[in-house]
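Everything below concerns the one structure shown next.
Bear in mind that the values in this text are calculations on the coordinates, not laboratory data. Just so it is clear, the structure is predicted and the values come from calculations on it, not from any experiment. FYI the Cβ positions are ideal-geometry reconstructions off the backbone, even for glycines, and counts take in every protein chain you see.
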Amino acid sequence: MNIVLVGMQWGDEGKGKIIDILSAKADYIVRYQGGNNAGHTVVVQNKEYIFHLMPSGILHKDKICCIGNGVVIDPAVLLKEINDLQKCGLHIGKRLKISTLAHVILPYHRILDQLRETKRTQKIGTTGRGIGPCYADKINRCGIRMVDLLNPGVLRQKLRDNLNEKNEIFKKVYGNPGFSFEKIYKEYLGYGREFGSSICDTAMLLNEAHRRRKEVLFEGAQGTFLDIDFGTYPFVTSSSTTAGGACIGSGISPVHIDKVIGVVKAYTTRVGEGPFPTEFSSRFGKIVRERGSEFGATTGRPRRCGWFDAVMARASVILNGISELAITKMDVLDGMPTIKVCTAYIYKGKRFTAFPHDFEVIKNAKPIYKEFSGWDKRPYKPSSYRELHPHAKDYLSFLKDHLRAKITMVSVGSSRQDTILL
Ligand code: IMP
């Protein structure tokens, strides 16, 4: 079975842990979009691993992990990630495959990302990793791909063309001295040598795996509302985070996708700027942030926290074709007297049950809440649905009915074993 796993909110839903669990059954695990703006955390035997580019399935020893054509790769970051994992005793060897067609993040992408953000009056809250500028070059047809790092002549010509134009922009628009051709050229040819044996046609590899009835897990990064089309634009990332992105970003046809699983937190968080209708007051937000360790895995920034937004989550189910839900961080709600779920918004007297696209509406919409009785922390970690507090079950039951998808996993802690499988 080929499964796509997506985040249903603004990222940080706890996908790393769910991917790790599902990876046990998959043969191939594929990242298909985004770059090292992502941070997937997996805790195994009290050891925490944070993945930025490497598919988190690499922790399972016999799995093949692919970085698909839809990903943008900062080779220095990937190299460090590989070295760090190897230092932890993990053998990667030939298990990592990198698409020839994946675009490469260059130093000018990173700097441009940061310079642009400082100039914006309305900041996006970018992670500053060069993701947006790299995707922009891809669409502008001047990007440099992994395959180009293997061909000195092609790399030379593409890099020269890029620097001719970009150095002018850096100087004239941003008052920045620009970049030296020789330094980047040498460095990136080095990455080509470093990754050479892993760079291949991952689309054909995955299609061949599918033909041999191997199972593929597509590991989504970020979340539905950071999608370049369907997210809260312009406060989004620059890739297709929704399930459709799995096909474009890997070369697997939509007819071969069997199921989409959505990962959603029992409340909502957002890192970076942009509208957030159910956001808590700063005092309550601080309490939940500390309790849920809501700090960015990539940048360490504090995450904004709020109540579960069922308007967003229902839209996610529809946009992604989600049939199964993994609800994460249920334990963070333990001990709260009342739990709220936003079921609609109201703006200028008009009620919205579908996610509005007008920025003014979404920015100023007031949430309409349904309230649930809270539950106390159980004296032991529940290991089955039966062991959950009855009020927690009421909450989950409402989410299942409202979102019209079945709940197959509930996470009540950060370790693999703190997961209730239904
Ligand atoms: P960028 O993709 O780094 O340019 O960031 C654009 C927006 O997406 C910012 O608001 C980031 O905070 C947010 N973002 C990007 N990647 C992630 C992620 O993995 N989790 C949560 N938010 C993210």
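A few remarks follow.
- Cα-derived Rg over Rh, computed across region 264-421 with Rh taken as Kirkwood radius: 0.95
- Taken over region 103-195, lysine pairs spaced eight or more positions apart, or on distinct chains, with alpha carbons under 24 Å apart number 24.
- 10 Å beta-carbon shell around V173, net charge (K/R +1, D/E -1): +3
- Most fluctuating residue given options V288, V317, V173, as computed from a GNM of the chain linking Cα atoms under 10 Å: V173
- Listed residues T353, P275, P75: farthest to the positive end of the dipole of the chain (Cβ charges): P275
- Dipole of the chain, positive direction: furthest Cα of L53, C247, G175, with charges on the beta-carbon: G175
- Packing-based exposure ordering (other Cβ within 10 Å, fewest first) of S316, S240: S240, S316
- In this calculation the C-beta distance from H256 to R283 is compared with R0 = 56 Å, giving a FRET efficiency of 0.70.
- In the elastic network of the chain, a GNM with C-alpha springs shorter than 10 Å, the most mobile of R270, R213, R145 is R213.
- FRET efficiency estimate (nearest 0.05) - Cβ-Cβ, E290 to N140, R0 45 angstrom: 0.60
- Calculated [θ] (222 nm, deg cm²/dmol) that DSSP helices of n ≥ 4 give over the chain, each run adding -39,500 (n - 2.57): -10000 deg cm²/dmol
- Across the chain, Cα pairs under 8 Å and at least six residues apart give a relative contact order of 20 percent.
- The slack in the chain from H391 to K183, taken as 0.36 nm per residue of separation less the alpha-carbon distance, amounts to 68.8 nm.
- Comparing H402, Y369, F230 along the charge dipole axis of the chain, the residue lying farthest to the positive side is Y369, per the Cβ-charge model.
- Directionally averaged projected area (convex hull, Cα atoms, the chain), nm²: 20.7 nm²
- Fewest neighbouring Cβ atoms within 10 Å first, the residues M330, M146, M8, M204 line up as M204, M330, M146, M8.
- All C-alpha pair distances within region 103-195, sorted into 5 Å bins from zero, spread as 3, 13, 24, 25, 19, 9, 5, 1, 0 percent across the bins.
- The chain, dipole about Cα centre (Lys/Arg Cβ +1, Asp/Glu Cβ -1), debye to the nearest 20: 260 debye
- Across G251, G11, G175, mean-square fluctuation computed from a Gaussian network of the chain (C-alpha pairs under 10 Å connected) peaks at G175.
- Per-residue Cβ neighbour rank within 10 angstrom, fewest leading, K183, K166, K363: K183, K363, K166
- Förster radius 60 Å - calculated FRET efficiency between N176 and D401, Cβ distance, rounded to 0.05: 0.65
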